[in-house]
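J.: Take this structure, written in structure tokens, and hold onto it; I'll ask about it next.
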Amino acid sequence: MIEFRKVDFSIGEQRILTDVSFKVERKQTRVILGPSGSGKSTILRLLMGLWLPDSGSIFVNGEDITDADPERLREIRRSMGMVFQHGALFDSMTVGENVGYTLLEDKHDEEEVERIVIRTLELVGLDPAVRDRMPDELSGGMQRRVAIARALAARDPEILLYDEPTTGLDPQSAERITDLIVTLRDQMGKTSIMVTHDIADAFKVGDRITVLDRGMVKFEGTSAELNASRDPFIEEFLAPFRKGVAAALQRQDLDRSAPPRYQPPGPSRPQRGGAL
């Protein structure tokens, strides 16, 4: 479905990616994980054909997009939906205008666009009534769901690309977004790549995970294989996550072992020996 094969990329004298290779099978989610500045988002720009690699090949459905002419590249790009970091909604447009933007640009009938907007908002778990509101009237989590709705509504893409989709969200909102990403894969068969530095999100969403460090692949495999890795970089990268999980489990154990809190007697809890 998607394959990077020995891809190198530089900006000026600065090497961004070195010998990057991985495959994404149809209906799978590939997570690109790594610290800030490791080259994660560059992969999405290369896949969309916004940049060309210095060397190597990038295949989409068996076709090397690095050899595609501009017209063919636009056609390939139409099979992809992009969810930008922080949502990147147009703040001067309503939610409905944001979701239907590409359809309106393509001269679709307005009534048809309205139907698609309503259906897509429902698909991402939003009340269609929000289509008349402005983005700044919504919570951060709702804005991200609108961004996903916009990506889906554009041309019902078979490939979805997520750039740090949960950054800046509270835990509950982040959980809803990752739930939605999993649902789109499992129920609609979407193939996707998610770029993130959040290890918990990666473990939840990814069928397979690629870890980058300074533009080089340090790991490729499943979340279980990643957790079992004894590579020094991987162990250091996962250490804060593992400490957080251990602390949470310790708190759970303490809560379970603690004696029940005293509750004073009330109308529904008479004292022993008292009137019934």
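J.: Looking only at region 3-40, how many residues end up being open to solvent by less than 10 Å² (accessible area, probe 1.4 Å), more than 21 Å from Pro165 (Cβ to Cβ) and touching a Gly at 6+ places or on another chain (Cβ under 7 Å)?
T.: 2
J.: Would a scan of region 58-67 turn up a residue that is modelled with pLDDT of 90 or more and open to solvent by 90 Å² or more (accessible area, probe 1.4 Å)?
T.: As a first pass, look at region 58-67 and keep what is modelled with pLDDT of 90 or more: 58-67.
In the following step, the residues that additionally are open to solvent by 90 Å² or more (accessible area, probe 1.4 Å) were identified as 67.
So far as region 58-67 goes, yes, one or more of its residues are modelled with pLDDT of 90 or more and open to solvent by 90 Å² or more (accessible area, probe 1.4 Å).
J.: Restricting to region 167-192, and then to whatever is among the β-branched types (Val, Ile, Thr) and closer than 21 Å to Ser41 by Cβ, can you tell me which residue is most open to solvent (accessible area, probe 1.4 Å)? Lay out the reasoning, then the answer.
T.: Going residue by residue through region 167-192, those that are among the β-branched types (Val, Ile, Thr) are 167, 177-178, 181-183, 191.
Cutting the leftovers down to closer than 21 Å to Ser41 by Cβ gives us 167, 177-178, 181, 191.
Numbers: Thr167: 36, Ile177: 1, Thr178: 1, Ile181: 2, Thr191: 1 Å².
Looking at residues that are among the β-branched types (Val, Ile, Thr) and closer than 21 Å to Ser41 by Cβ, I get Thr167.
J.: Can I ask one more? Scanning for something surrounded by fewer than 21 Cβ atoms within 10 Å (Cβ to Cβ), without any contact (Cβ under 8 Å) to a residue 60 or more places away in the chain and within 30 Å of Leu238 (Cα to Cα), does region 152-165 turn up at least one residue?
T.: no
The values are calculated or read from the model by the stated rules, or taken from the named source; none is laboratory data. Only a predicted model underlies this, so the values are computations on that prediction, with no experimental measurement involved. All Cβ positions, even for glycine, are placed from backbone atoms using ideal geometry, and neighbour counts span all protein chains on display. Note: accessible area is taken over every heavy atom of the protein model, side chains too, but ligands, DNA and RNA are not part of it. Shrake-Rupley method; radii C 1.70, N 1.55, O 1.52, S 1.80 Å.
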